[in-house]
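Inspection log for the structure reproduced underneath, given as structure tokens.
Just so you know, all these numbers are worked out from the coordinates, no wet-lab data involved. Computed from a predicted model, the values in this text were never measured in an experiment. Virtual Cβ from ideal backbone geometry, glycine too; neighbours counted across all protein chains shown.
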2 protein chains.
Amino acid sequence: MDLQKQRILIVDDHQMFIDGVKSLLRNQNIFSVVAEALDGKLALEALENQEIDIVISDINMPNMSGIELTKIIKSKYPEIKVIIVSMHNDRDTITEIMMAEAEGYILKNTGKKELFDALNSVSNYGTYYSNEVLSIMMEIVKKEKKSEKAVKNLTEREFEILNLIVQEFSSEEIAEKLFISKRTVDTHRINILNKTNSKTIVGLIKYAIANNLVE
Amino acid sequence: MDLQKQRILIVDDHQMFIDGVKSLLRNQNIFSVVAEALDGKLALEALENQEIDIVISDINMPNMSGIELTKIIKSKYPEIKVIIVSMHNDRDTITEIMMAEAEGYILKNTGKKELFDALNSVSNYGTYYSNEVLSIMMEIVKKEKKSEKAVKNLTEREFEILNLIVQEFSSEEIAEKLFISKRTVDTHRINILNKTNSKTIVGLIKYAIANNLVE
DNA sequence: ACTAAAATAGGTAATGATACTTATTTTATT
DNA sequence: AATAAAATAAGTATCATTACCTATTTTAGT
């Protein structure tokens, strides 16, 4: 008796993409696309109705992202492997995928060969991350460490003042608002500049916006 | 004798997408995918080597965007119809597509039916824009008009200086860089603040970032 | 060639931000 | 109770930004 084919669920809000993956998985006898879903909710319904071994999911979808979907799948069906597929390989995306503990992450410009490599790795060894993704992961590990130190060690008061600065209040106005001396605000200001490695208020605003420290 | 099939070239840096479109265009006798290309350069080569009636192109591609490709196609082969396919339907994208004068614009979550509608419209009437796109176009026409006044009436020089401000150069440094007086830069600065309704440089930076006037 | 818009620049002043230093008081942690 | 971290504040100085005004020269459009 043959080993059973690996049963695959494809999740993507773009029908074209689902068809693309299906066409890549035609004419072979290891994997079988047994279900498809256009969003996370439909994917979860599909998982309740049939046994699935591997989920291939897009990351950007309406209502529920591939990340959220992965987290739910991992908590309800820890034995199911998840491969996330994405257009972009930026830092934020990769970090989120790591957090969600997906077994694989490939880009949408992946060819047939790499898709099979990923599916095989995931169903046998455990994980698959493309070289592109791995090199970005290494960059993150290096860079994130030091920026984390700078970002996170702003004190509560400093955060409060940073927010007021971004809201266009001057040091004097902030002082009035917080019932403290303008000189104190100035001190906080300079400490904030130093901690965020900003030279001027322009850099600080950009930094605050880029790092989501405000709003 | 039959009418010749409409010859289609698909351009996308994601092989999966090309396969998806091809699978949607299987089993019918109006359109025929006779060529595919993974980027704009290869697409232009393909156009030199064979007759094409309709180009279906992705918008986000490395080296040359679908917009740039469309512009080149339109200047060299004005009789070829172009349908742009995109993930997103944001204002900027739609505006650019209008500028490039593509005959059609559909989203990647388009199903078989809409793809055929688009292809038929484009090869017969002339253009096809999905309802989603049309409604966004109307919003643009309404909103863009008023923000245009504030945003767009920055002069080239003012844009240049705004960019340098955002890059954390002081008025003095900007003056040196542009070989003009610091007083001139100051004047520009104040005009920029007025035109963007910003009270302080903090507001200006936020405004510039929010409106994509920089980077 | 004429006109409007844009770019140029200066005077004068007030206000704001930043640099560097020092020091006291509060608050949290062990 | 001791220590460290955070919040408070001020002195002094310099530099940068903004306000309000006026005015000339360049550039582009009809």
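Each Lys or Arg adds one and each Asp or Glu subtracts one; over the other residues with Cβ under 13 Å from the Cβ of A:Glu172, this totals 0.
Which GluC sites (Glu not before Pro) from segment A:1-100 combine a DSSP loop assignment with at most 14 other Cβ atoms within 10 Å? The partial results should precede the final answer.
Details: sites: A:Glu36, A:Glu45, A:Glu48, A:Glu51, A:Glu68, A:Glu79, A:Glu96; in loops: A:Glu51, A:Glu79.
Sites meeting the loop and neighbour criteria: A:Glu51, A:Glu79.
Put a plus charge on the Cβ of each Lys and Arg, a minus charge on the Cβ of each Asp and Glu, and nothing anywhere else: the dipole of chain A about its Cα centre is then about 820 debye. Reducing segment B:166-215 and segment A:1-61 to their Cα centroids gives an inter-centroid distance of 52 Å. Note that segment B:46-63 has calculated 3J(HN,Hα) couplings of 4, 5, 6, 8, 8, 7, 10, 9, 9, 10, 10, 10, 5, 9, 9, 9, x, 6 Hz, one per residue in order, obtained from phi through the Karplus relation 6.51 cos²θ - 1.76 cosθ + 1.60 (θ = phi - 60°); glycine and proline are x.
For segment A:144-210, the relative contact order comes to 31 percent (Cα pairs under 8 Å, sequence separation of at least 6). Between the amide H of B:Val33 and those of B:Ile8, distances stay under 5 Å, these residues lying 5 or more places away or on another chain, with hydrogens modeled in the peptide plane. For segment A:155-215, the set of chymotrypsin sites (Phe, Trp or Tyr not before Pro) satisfying both a DSSP loop assignment and a count of at most 14 other C-beta atoms within 10 Å is given as A:Phe179.
Which value at 222 nm does chain A reach when only helices count, each DSSP H run of 4 or more adding -39,500 (n - 2.57), with the total divided by all residues and rounded to the nearest 500 deg cm²/dmol?
Numbers: 10 runs with 119 residues, N = 215.
So the helix-based figure for chain A works out to -17000 deg cm²/dmol.
Candidates B:Gly203, B:Ala175, B:Phe159 compared by Cα position along the dipole of segment B:144-210: farthest toward the positive end lies B:Gly203, with charges placed on Cβ. Comparing segment B:1-126 with the 2.2 N^0.38 Å rule of thumb, its C-alpha radius of gyration ratio is 0.96 (two decimals).
With the cut-off at 18 Å, tell me which of the pairs A:Lys71/B:Lys108; B:Lys22/B:Lys108; A:Lys108/B:Lys22; B:Lys41/B:Lys74 have Cα atoms farther apart than that. Spell out each step's value before the answer.
On the way: A:Lys71/B:Lys108 26 Å; B:Lys22/B:Lys108 14 Å; A:Lys108/B:Lys22 16 Å; B:Lys41/B:Lys74 15 Å.
Table pairs above 18 Å Cα-Cα are A:Lys71/B:Lys108.
When B:Lys182 is represented by a point 7 angstrom out along its Cα-to-C-beta vector, the spacings to that point in the other copies are 2.2 nm, nearest first. Diffusion coefficient of chain A by Stokes-Einstein, Kirkwood radius over Cα pairs, 25 °C, 0.890 mPa s: 122 µm²/s.
Fully extended, how many nm does the chain gain between A:Asn120 and A:Asn163 (0.36 nm per residue separation, minus their Cα-Cα distance)? Present the calculation step by step, with values, prior to reporting the outcome.
On the way: separation 43, 0.36 × 43 = 15.48 nm, distance 4.91 nm.
Taking 0.36 nm per residue and subtracting the Cα distance, the gain is 10.6 nm.
Annotation for B:Asn124, label-to-label distances across the other copies: 5.3 nm (shortest first, one decimal, point 7 Å from Cα along Cα→Cβ).
Sites listed here are trypsin sites (Lys or Arg not before Pro) in segment A:1-60 whose DSSP assignment is loop and whose Cβ has at most 12 other Cβ atoms within 10 Å: A:Arg26.
Just want to confirm a number: the relative contact order over segment B:2-136, from Cα pairs under 8 angstrom separated by 6+ residues, in percent. Write out the running numbers ahead of the final one.
Details: 206 pairs, mean separation 26.5, N = 135.
Relative contact order comes out at 20 percent.
Between the amide H of A:Val82 and those of A:Val55, A:Glu103, A:Gly104, distances stay under 5 Å, these residues lying 5 or more places away or on another chain, with hydrogens modeled in the peptide plane. Placing a label point 7 Å from the Cα of A:Asn211 along the Cα-to-Cβ direction, the distances to the matching points in the other copies come to 2.8 nm, shortest first.
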